[in-house]
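Some notes on the structure that comes next.
The values are calculated or read from the model by the stated rules, or taken from the named source; none is laboratory data. Predicted model, so just to flag it, every value in this text is computed and none were measured. Positions of Cβ are generated from backbone atoms using ideal geometry, with glycine treated the same way; all protein chains shown enter the neighbour counts. When the accessible area is computed, the model is the full protein with side chains, heavy atoms only, and any ligands, DNA or RNA have been set aside. Shrake-Rupley method; radii C 1.70, N 1.55, O 1.52, S 1.80 Å.
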Amino acid sequence: MWFQNAYRRLGRGRVLFFGRFQPFHLGHLEAVKWLYERYQEVVILVGMADESHTWLNPFTAGERLLMIRAALEWAGLNLARIVTATIQTLSVYAGNAGFVLGYVPPVEAVATANPAVSRAFRDAGVKTVTPPLRNKSVWSGEYIRCLMLLGSDEWRLHVPEPVAEIIDYIDGVSRVREIAENYPDIASACKKLAQQR
């Protein structure tokens, strides 16, 4: 019990924010800024780091880390107050919440808008916070990937400028389109999604 309390004290002022960031978009940036205003340090954990070149996860963990740090620097955030890390694919349940926390420094809270993730961490005894979700219908990784697939440059409006530059540099749009060829229903699903926006 003493160790648990001491460990929690080490995490004061630090929050964990994790996701797939496929790609890191303006919604993610707004969430990080919100956390940055409220905590001394923000730990950003890139999930599903062991998967890339799939429809859900077209970009590698290294590419996503590069996008995140470039976007935060572009937004004027002090990178000395940001910690980045990666973790492989996991199912979401309380037992894995403790495993996730082993990949990062001690934290006071976990930031998530995902109810299942929030419940898993609360069940593990960790406080959760929910950053406000802004423009969720268009600041969405799936929607941005669909715009890329459909040949619309509108995707650039939904990511920080350096993220667009990185995607251009790695020829990410072509990658997304090539990947989609392996998923026959993706193109029609993307057309429907674009019509709903």
(message) For segment 139-161, give me each residue that is part of a helix (DSSP H, G or I), touching a Phe, Trp or Tyr at 6+ places or on another chain (Cβ under 8 Å) and buried (at least 19 other Cβ atoms within 10 Å of the Cβ).
(response) Gly141, Ile144, Arg145, Leu147, Met148, His158
(message) Looking at Val42, Val46, can you tell me which residue is among the β-branched types (Val, Ile, Thr), more than 17 Å from Tyr143 (Cβ to Cβ) and at pLDDT 95 or above?
(response) Val42
(message) Kindly evaluate Glu181 against the criterion of being loosely packed, with under 13 Cβ neighbours inside 10 Å and closer than 29 Å to Val42 by Cβ.
(response) no
(request) Sort out which residues of segment 98-120 are hydrophobic (A, V, I, L, M, F, W, C) and at pLDDT 90 or above, and write them in order of number. (result) Val104, Val107, Ala109, Val110, Ala111
(request) Could you grab the pairs with beta carbons closer than 8 Å, sequence gap of 6+ or different chains, first residue in segment 145-162 and of a type in the set (Ser, Thr, Tyr), second one open to solvent by 70 Å² or more (accessible area, probe 1.4 Å)? (result) none
(request) Name every residue in segment 11-23 that is open to solvent by less than 10 Å² (accessible area, probe 1.4 Å) and either of a type in the set (Phe, Trp, Tyr) or at pLDDT below 95 (or both), in order of residue number. (result) Gly11, Phe21
